[in-house]
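Q: Pasting a structure below so you can have a look.
Each value in this text was obtained by applying a stated rule to the coordinates, not by laboratory testing. Note that the structure is predicted; figures quoted are calculated from it, not measured. With ideal geometry, Cβ positions are generated from the backbone for all residues, glycine too; neighbour counts draw on all protein chains shown.
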Amino acid sequence: MAEVDEFISPAFQISDYGPFSAPGPTTAVSYMSVKCVDVRKNHHKTKWLMPWGPNQCDKIRDIEEAIPREIEANDIVFSVHIPLPSMEMSPWFQFMLFILQLDIAFKLNNQIRENAEVSMDVSLAYRDDMFAEWTEMAHERVPRKLKCTFTSPKTAEHEGRYYECDVLPFMEIGSVAHKYYLLNIRLPVNEKKKINVGIGEIKDIRLVGIHQNGGFTKVWFAMKTFLTPSIFIIMVWYWRRITMMSRPPVLLEKVIFALGISMTFINIPVEWFSIEFDWTWMLLFGDIRQGIFYAMLLSFWIIFCGEHMMDQHERNHIAGYWKQVGPIAVGSFCLFIFDMCERGVQLTNPFYSIWTTDVGTELAVFRNISGKQSSLSAMSKVRRLHYEGLIFRFKFLMLITLACAAMTVIFFIVSQISKTFSGITLSVPGDLGVHSGEELQLTTTITHVDGPTEIYKLTRKEAQE
């Protein structure tokens, strides 16, 4: 039977919200698989096994029940229906992300071997009517490496206790175009080929599904629809004012205009089409748009902060910043290739995850923070506290970075204002340490974004008669 936490029930509501309240961006829903029995040959080709409903499968409560009934491991199917009973999925949910948790019991004669790998035969189907036939969407062999620990002594007294296993990435779909989905998961055993041997005694399979809230999607779409024309109008007005000047545009002005274009591109509400069309590539397209914007934003900051380091001729050409902008371009291209290896493959195989491969794990330098935060509810208390600390430090560092960026802009404005008063001198009396007849001049120096500080220097010069 599927289970869900108390606070998750509003996740499937897509009604309008008031002007002073809005739902959270995502919701995590817990699913407990149902153990179905399928003794037919060519299992998945002829029938889909439903965990509940009028056509529900022949079920067993636990693995021990299979022994007296002479049910083999290859005949057990873990079935999960998405969503929960009496609910429907909606295109407003935008995407579905699933992580998997295996409940593995300790047995002296069936322990988890080192570097054990579980191989799952997974079939995914969909339908839009409760009485319609299921249509196959994907069927793949899904390997996942187990990372489990057993905290108690491995003795007969502790048989039946569960291992503490890391959650595993399972599936990601870039659109929710159908109302109902069905997962049939098999764990085929082949001792000759060492398939699913030495993985312990798997009692249950639990899934945590993460999707975007429908109410949040409506608010988000409305904001993008309103802001895009506003940004476009401001951008056109800005460039028109620049071209009306007697001099040609300088590099910084061009970069600001390019930043406006990238901002408009990322805010264009093309997601409206995903409500009517099954566009599974929307997540990949969203990542590309964000990559272009962030690359342009970093380039802008490089040019803006380095403007005072070069003379007028060099700072008006992008070639003068090739040492700084070049790494941004290379890094953005590498992230694009990395994203294509993840979401690009998921367009045809939703169960693929680069995080489960040896090469992907070695090359990866960070994980998606929002995805990790959404999966905290499925973690143990110790792991949850660990990741909460990491996410807190990450957010704190980002706030410091934003504060430094804001201070840079403030001090830039101050420096421009100070130029207006650069020719003003103040007469001071002799008791301030300045000889009578001398004048005091105030100048300002601004440092870069790493530590925006203001240094005032007093310079003396003899008054000119």
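Q: Hey, with R₀ at 30 Å, roughly what FRET efficiency would ARG113 and MET137 work out to, going by the Cβ-Cβ distance, to 0.05?
A: Details: r = 33 Å, r/R0 = 1.11.
After rounding to 0.05, the efficiency reads 0.35.
Q: Quick one: length gained pulling PHE285 to ILE318 fully straight, 0.36 nm per residue minus the C-alpha distance?
A: Numbers: separation 33, 0.36 × 33 = 11.88 nm, distance 2.77 nm.
Fully extending the segment from PHE285 to ILE318 adds 9.1 nm.
Q: To continue, here is another question. How fast does segment 26-212 diffuse by Stokes-Einstein, in µm²/s, taking the Kirkwood radius from C-alpha pairs at 37 °C and 0.692 mPa s?
A: Values: Rh = 17.5 Å.
Translational diffusion coefficient: 188 µm²/s.
Q: By the scheme Lys and Arg +1, Asp and Glu -1, what is the net charge of all other residues having a beta-carbon under 12 Å from that of GLU271? Display every interim value, and only then the final one.
A: Numbers: positive: LYS218, LYS224, ARG289; negative: GLU276.
Local net charge: +2.
Q: Based on the Cβ-Cβ distance from ILE67 to GLU157, what FRET efficiency comes out when R0 is 25 Å, to the nearest 0.05? Walk me through the intermediate numbers first.
A: Numbers: r = 22 Å, r/R0 = 0.89.
Computed FRET efficiency for ILE67 and GLU157: 0.65.
Q: Which links in LYS107/LYS145; LYS107/LYS194; LYS254/LYS323; LYS179/LYS218; LYS47/LYS107; LYS154/LYS203 stretch past 24 Å when you go from one Cα to the other? Could the numbers behind the result be given before it?
A: On the way: LYS107/LYS145 19 Å; LYS107/LYS194 19 Å; LYS254/LYS323 19 Å; LYS179/LYS218 18 Å; LYS47/LYS107 33 Å; LYS154/LYS203 18 Å.
Beyond 24 Å: LYS47/LYS107.
Q: Follow-up question, since we're still on this one. Could you check the spin-label model distance between VAL197 and ALA222? Points 7 Å from the Cα along Cα→Cβ, value in nm.
A: 6.1 nm
Q: Right, another one. Which listed residue (MET244, TRP322, THR225) has the Cα farthest towards the positive end of the charge dipole for segment 216-365, taking +1 on Lys and Arg C-beta and -1 on Asp and Glu C-beta about the Cα centre?
A: Comparing the listed Cα positions along the dipole, MET244 ranks first.
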